[in-house]
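A short write-up of the structure that comes next.
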Amino acid sequence: MLTVGVDVGGTSVRAGVVDADGTVLDTARAATPGQDTALESAIVGVIAELAARHPVCAVGLALAGFVTPDRRVVRFAPHLPWRGVPVADRIAERCALPVVIEHDANAAALAERRFGAASGSGARARSILFIALGTGIGAALLIDGRLYRGAHGVAPELGHLRVVPDGRPCPCGKRGCWERYCSGTALVTTLVELLAADPSASPTLARMAKLEARGITGRQVATAARDGDPLGRRAMAELARWLGEGLALVADVYDPELVVIGGGVSGSATLFLDDAREHYARVVTGGQHRPLARIRTAQLGEEGGVIGAAELAREARSRR
């Protein structure tokens, strides 16, 4: 069975036709409109484009937001216009295909479990934690191969664990959330703070920050760190420390066997992951007297959400 996975992001809608082996056979893309009807039309458009070229039988949507346990309704999505909307039914009616929706971190975690970093030897892990480092932090937990969604379909929202009381403000309304210190956004915030304290420490990044109309990006910070820039390296070291700190906190609650680090920031994992592992092992409770989680980087990249959504659609279609 061929199915369509759609990753609905804040700036773009990315869709792919995926086979049972997790291979993306074809793709389509559209910009993300800000109004709900227009967004649904954009999604239907990319599905129709792919369905015209392939015999697809179901659709999965992956998005960052709260989804009801039956995976039919989007309760809330911070970067999308839906609030309590039966998105699955609306899209299904318009494209004449069965549709399921899922949190994008859950979809990516499932894809890594079936086809990526948590497959093979990782498949023997009974508990797998997926952490997506991007604009913020997305997270998913798999227990015995099944996604854990919590009582109301919103777990685990780990990016908003408070790690610094009265710390950096977060769009969620709290202060000091983990994702404010460990994400692509956090990487930029840390660099800006370091530049404010000592602009002469990195003339290159200081000049870049002034010239860039939209401000410097996390990718530029990572590139600077890779090139040996001292402030870029310090910002990356801070991200590593906070990743290790957060993983230790989460391990005290979930005690996972395997942690998979994904998201856009994971592309720079060689700059921070070894330090994060060391910090995690140093601060986790009883670290010298317990097995520690294996920590790997994701293998599927930005296609993980599309592949996972398509796999969920395949599962739902098989149960019909």
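Place the peptides 141-150, 263-272, 239-248, 15-24 in order of packing, highest mean first, counting for every residue the other Cβ atoms within 10 Å and averaging per peptide.
239-248, 263-272, 15-24, 141-150
Taking K and R as +1 and D and E as -1, what net charge do the other residues with C-beta under 11 Å from the C-beta of ARG83 add up to?
Net charge around ARG83: 0.
Stokes-Einstein at 25 °C, 0.890 mPa s, Kirkwood radius from Cα pairs: D for the chain in µm² s⁻¹?
Taking Rh from Cα pairs, D becomes 121 µm²/s.
Work out the FRET efficiency for GLU302 and ALA197 from their Cβ-Cβ distance, taking R0 = 51 Å, and round it to the nearest 0.05.
For GLU302 and ALA197, the calculated efficiency is 0.90.
Through the Karplus equation 6.51 cos²θ - 1.76 cosθ + 1.60, θ set to phi - 60°, convert the phi angles of the stretch 296-311 into ³J(HN,Hα) values in whole Hz; use x for Gly and Pro.
Karplus-based 3J(HN,Hα) across the stretch 296-311 equals 10, 8, 5, 9, 8, x, 6, 7, x, x, 5, 5, x, 4, 5, 5 Hz.
Any chance you could give the angle, 0 to 90 degrees and rounded to 10, that helix 104-115 forms with the longest Cα principal axis of the chain?
Taking the Cα atoms of the chain, the angle to 104-115 is about 80 degrees.
Cβ under 11 Å from ILE47's Cβ, ILE47 left aside: what net charge do those residues give with Lys, Arg +1 and Asp, Glu -1?
-1
Computed FRET efficiency, Cβ-Cβ of THR204 and ARG83, R0 45 Å: what is it to the nearest 0.05?
0.55
Could you run the Karplus curve 6.51 cos²θ - 1.76 cosθ + 1.60 with θ = phi - 60° over the stretch 129-136 and give me ³J(HN,Hα) per residue in whole Hz, x for Gly and Pro?
Values per residue, Gly and Pro as x: 10, 10, 10, 9, 9, x, 4, x Hz.
For the stretch 92-151 and the stretch 15-55, what is the centre-to-centre distance using only Cα atoms, to the nearest Å?
Going from one Cα centre to the other spans 19 Å.
Take peptides 298-310, 81-93, 2-14 and line them up by average Cβ neighbours within 10 Å, highest first, as a rough protection proxy.
Per-residue mean Cβ counts within 10 Å order the peptides as 298-310, 2-14, 81-93.
No lab work stands behind these numbers, since they all come straight from the coordinates. Note that the structure is predicted; figures quoted are calculated from it, not measured. Here the Cβ is made from the backbone with ideal geometry for all residues, glycine too, and neighbour counts use every protein chain on show.
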